[in-house]
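For reference, the structure is listed below as structure tokens.
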Amino acid sequence: MLELDDSLPPGARLNGAGEELAAILAAARAFWFSGRGESFVADAETGVVSSWEDAGGSALATPAAPNDGNGRIGDHEGRLGLQGIPGENCGLVVEKITENASRFSMAVIYRPPAEDSARTLLTVNTGYSGGDDKTANYLFLSDGGDAFTVKDTKGALDMTQPVFGGATGARLALVTLLGDRLALQQDQGPVQEIRGADPGMHCRADLFIGCRSHRRGLQKTLGGALVHDVIFWPDHTLLLPRSPADRAQHRALQRYVLGEY
């Protein structure tokens, strides 16, 4: 029996990390699409996902336009998620997830496929829910197997960083955008940062999960990741100059990953 005189942080309790994360995300008005069974609405026979609700019940991810019943619930040792299929659009979209896409953080916990690569994981796209010719742009996160890519389509920001770790274990990728600055962290690794130009996404945006837009085509960008958790923080910069609240969000996320994965 192990006894400690000191009190432990909430995330150190059995199953406490998820509770702590849910509470702190709610306080920050962040969105958490978790791999709990009750978060999904899916066909009982086929497993085709028709919606994925965030933990607070304030947002809903629904199939992107090219997703013709391809997105299904995946299961890895009892942990659920959205299962991608290489070359097929299985993506979901959360409309109007932020009013200002020039400042945000987003995270994804996923398992890459045993063969091939995860490819597109998350995309913040201003071209549908408020973007005009000046602001229409998107910034995506992709895992190409040996390297992460985070970039926008106007060429303002372009980051490539090596992927480390096993081929099939769960990975956490966390991205922060702040104007002309972009940062990426995998798991508990070092934070990588670049400075480029402002991509001009000072407007409302949608979040795409597992794809980049409502456009058909681009099959080579669609991979076979099993996406367990997606978190989006409007107006929070977890990896760049941070407030105490941002640091607390980051700590809670890391505790959750260490405790649950």
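Miscellaneous remarks
- Derived scalar couplings between HN and Hα for the stretch 107-117 equal 9, 9, 10, 8, 10, x, x, 4, 10, 6, 9 Hz in order, rounded to whole Hz, by the Karplus curve 6.51 cos²θ - 1.76 cosθ + 1.60 (θ = phi - 60°), x for Gly and Pro.
- Rolling a 1.4 Å probe over the protein heavy atoms gives the stretch 111-177 an accessible area of 39 Å² per residue.
- Accessible area of the stretch 200-249 divided out per residue, in Å², using a probe of 1.4 angstrom: 36
- Placed amide H near Gly223: partners under 5 Å, 5+ positions off or other chain: Gly87, Thr120
- Listed residues Leu25, Leu240, Leu218, most fluctuating in the chain (Gaussian network, C-alpha, under 10 Å): Leu218
- Under Karplus coefficients 6.51, -1.76 and 1.60, residue-wise ³J(HN,Hα) of the stretch 202-219 in Hz, glycine/proline x: 8, 6, 5, 8, 9, 10, 9, 10, x, 7, 10, 6, 8, 6, 7, x, 6, 4
- Residue with peak Gaussian network fluctuation, the chain [Cα springs, cutoff 10 Å], from Gly84, Gly196, Gly127: Gly196
- Amide H partners (placed H, <5 Å) of Thr98, local residues excluded: Ala205
- Approximate spin-label separation Glu77-Glu193, in nm, with each point projected 7 Å along Cα-to-Cβ: 3.5
- Among Glu95, Glu115, Glu45, the largest mean-square fluctuation in a Gaussian network model of the chain, built with springs joining Cα atoms closer than 10 Å, belongs to Glu45.
- Amide hydrogen neighbours beyond the local backbone of Phe148, cut-off 5 Å, H modeled: Gln161, Val163
- Hits among lysines - C-alpha to C-alpha of Lys96 under 23 Å, sequence gap 8 or more where chains match: Lys134, Lys151, Lys154
- Two-site FRET efficiency, Asp132 against Arg242, from Cβ-Cβ distance with R₀ of 35 Å, rounded to 0.05: 0.65
- Contact order for the chain, expressed relative to its length and based on alpha carbon pairs under 8 Å spaced 6+ residues apart, stands at 27 percent.
- Hz values of 3J(HN,Hα) by residue in the stretch 37-54 - Karplus curve (6.51, -1.76, 1.60), Gly and Pro given as x: x, 6, 7, 9, 10, 9, 5, 5, 8, 9, x, 5, 7, 9, 6, 9, 9, 6
- Full-extension gain in nm, Ala114 to Arg251, via 0.36 nm per residue minus C-alpha separation: 46.4 nm
- Distance between modelled label sites at Lys154 and Ile85, nm, 7 Å Cα→Cβ extension: 3.6
- Within the accessible area of the chain, the carbon and sulfur atoms contribute 48%, probe 1.4 Å, all protein chains present.
The values are calculated or read from the model by the stated rules, or taken from the named source; none is laboratory data. Everything numeric here is computed off the predicted structure, so don't read it as measured data. All Cβ positions, even for glycine, are placed from backbone atoms using ideal geometry, and neighbour counts span all protein chains on display. For the accessible areas, the whole protein counts, side chains as well, though only heavy atoms, and no ligand, DNA or RNA atoms are used. Shrake-Rupley method; radii C 1.70, N 1.55, O 1.52, S 1.80 Å.
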